[in-house]
Amino acid sequence: MQDKNSYSYIVIGLGLRLLRNVNDTDITKFVKHELNQLKTALYDVGFHVSCSDLTTSFFMDMEATLEPLADEDPIGADARISLSNEMMVLERHVLSEGLTKKVHVLPERRFNSNYLLNEQNKLFKVGTFEKLPELAQSDIKSSCRCLLFGEATAAAFHILRATEDVLKHYYFHHVRQNRLNKPMWGPIVNKLRAKTRNKPSETLLNSLDLIRNAYRNPTQHPEATYEVDSVQDLIGVCIDAIGKMADEL
């Protein structure tokens with residue numbers, strides 16, 4: 001999915017109307033600039049049918065009338081009439097193609113929408129996200145996007161998987177010998193709690209137990225589903241736990 005700003009559509013509308021109503025005395029540099037800006041905006045929003053207008057012989061003939069003119073020369077009557085006619089045709093196609101395009105407005109969440117979509121690292125303390133394992137980073141990104149698009153259950157699966165991945169790396173960081181053959185969430189926390197030296201904080205361990213018992217274990221059941229509000233609670237708790245573990249990685 002591409003993140004597009006709706007301002008491009010406004011640029012298209014304004015550009016079409018401006019070029020339809022140019023004067024004989026408007027200078028060539030100004031007209032060429034506005035025409036190129038309109039072309040860029042059409043390509044940017046993916047108006048492929050309208051863009052095909054730009055390759056027709058009629059449109060190219062119109063551009064040919066502007067080409068020999070010096071930047072500071074007025075476009076004159078011939079170029080103005082040709083330009084106005086082509087903009088009238090293009091405007092009809094743009095309006096028709098606009099009916100086929102759907103703009104989806106993303107709802108507000110508790111977390112910054114741009115962070116959820118593009119800058120998930122900003123949900124953490126500076127430098128934290130970059131310290132996380134690659135799989136955890138990928139799952140955090142997926143979880144945030146799923147939350148933004150309203151796919152709450154998918155968001156829960158991804159953030160829980162990310163938390164477990166960080167927990168395993170956290171366990172390997174703390175335990176160098178006699179490691180568990182199958183490091184799973186519950187046994188990992190028990191092993192960390194049993195440490196006598198450099199033991200992780202009880203606050204973190206309790207938080208990890210809460211996530212496992214209240215969220216992770218119930219989520220394993222096929223019938224389990226999440227609502228947007230509940231998964232935002234989960235993501236908040238997981239971000240806190242992941243951040244605490246990352247401080248030591």
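Can you tell me how many residues within region 192-205 are assigned to a helix (DSSP H, G or I) and surrounded by 13 or more Cβ atoms within 10 Å (Cβ to Cβ)?
4
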Report summary line: Subset of region 139-160, residues surrounded by fewer than 18 Cβ atoms within 10 Å (Cβ to Cβ) and either among the hydroxyl-bearing types (Ser, Thr, Tyr) or under 30 Å from Lys191 (Cα atoms) (or both), comes to Thr153, Ala154
Query raised in the report: Is there a residue being surrounded by fewer than 15 Cβ atoms within 10 Å (Cβ to Cβ), in contact (Cβ under 8 Å) with a residue 40 or more places away in the chain and not in a helix (DSSP H, G or I) anywhere in region 128-138?
Result: no
Query - Of all residues in region 71-87 being touching a Leu at 6+ places or on another chain (Cβ under 9 Å) and aliphatic (A, V, I, L, M), the one that is farthest from Thr56 (Cα to Cα) - result: Ile75
Report task. Considering only region 74-116, state which residues are over 19 Å from the mean Cα position of the chain (by Cα), assigned to a helix (DSSP H, G or I) and more than 16 Å from Leu38 (Cα to Cα). Result -> Gly76, Ala77, Asp78, Ala79, Arg80, Ile81, Ser82, Ser96
Report task. May I ask you to list the residues in region 48-73 that are outside any helix (DSSP H, G or I), in contact (Cβ under 8 Å) with a residue 12 or more places away in the chain and either more than 18 Å from Thr28 (Cβ to Cβ) or under 39 Å from the mean Cα position of the chain (by Cα) (or both)? Result -> Leu54
**Report entry** Subset of region 151-191 (residues that are in a loop (DSSP other than H, G, I, E, B) and farther than 25 Å from Ile235 by Cβ)
**Finding:** Val175, Arg176, Gln177, Asn178, Arg179, Leu180, Asn181, Lys182
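Say whether the condition of being in a loop (DSSP other than H, G, I, E, B) and surrounded by 13 or more Cβ atoms within 10 Å (Cβ to Cβ) is met by at least one residue in region 1-20.
no
Residue by residue, here is whether (1) modelled with pLDDT under 90; (2) farther than 17 Å from Leu14 by Cα holds:
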position: Asn36; (1), (2): no, no
position: Thr40; (1), (2): no, no
position: Val45; (1), (2): yes, no
position: Met87; (1), (2): no, no
position: Leu90; (1), (2): no, no
position: Glu97; (1), (2): no, no
position: Lys101; (1), (2): yes, yes
position: His104; (1), (2): yes, yes
position: Arg109; (1), (2): no, yes
Report task. Provide a single number: the residues in region 207-248 that are in a loop (DSSP other than H, G, I, E, B) and of a type outside the set (Val, Ile, Thr). Result -> 9
Query raised in the report: Right, Val89: assigned by TED's automatic domain parsing to the domain that holds Ser230, at negative phi and surrounded by fewer than 17 Cβ atoms within 10 Å (Cβ to Cβ) or not?
Result: no
Query raised in the report: Name the pairs: first residue in region 169-187 and over 20 Å from Leu249 (Cβ atoms), second residue among the β-branched types (Val, Ile, Thr) and at pLDDT below 90, Cβ to Cβ under 6 Å, at least 6 apart or on different chains?
Result: none
Report summary line: Counted residues in region 117-127 being part of a helix (DSSP H, G or I) and among the hydrophobic types (A, V, I, L, M, F, W, C) come to 2
**Report entry** Hey, Val175 exposed (fewer than 15 other Cβ atoms within 10 Å of the Cβ), closer than 28 Å to Pro200 by Cα and of a type outside the set (Asp, Glu) or not
**Finding:** no
Query raised in the report: How many of the residues in region 159-207 are hydrophobic (A, V, I, L, M, F, W, C), modelled with pLDDT under 90 and in contact with a helix residue (DSSP H, G or I) (Cβ under 9 Å, 6 or more places away or on another chain)?
Result: 2
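The values are calculated or read from the model by the stated rules, or taken from the named source; none is laboratory data. Predicted model, so just to flag it, every value in this text is computed and none were measured. Note that each Cβ is placed from the backbone with ideal geometry, even for glycine, and that neighbours are counted across all protein chains shown.
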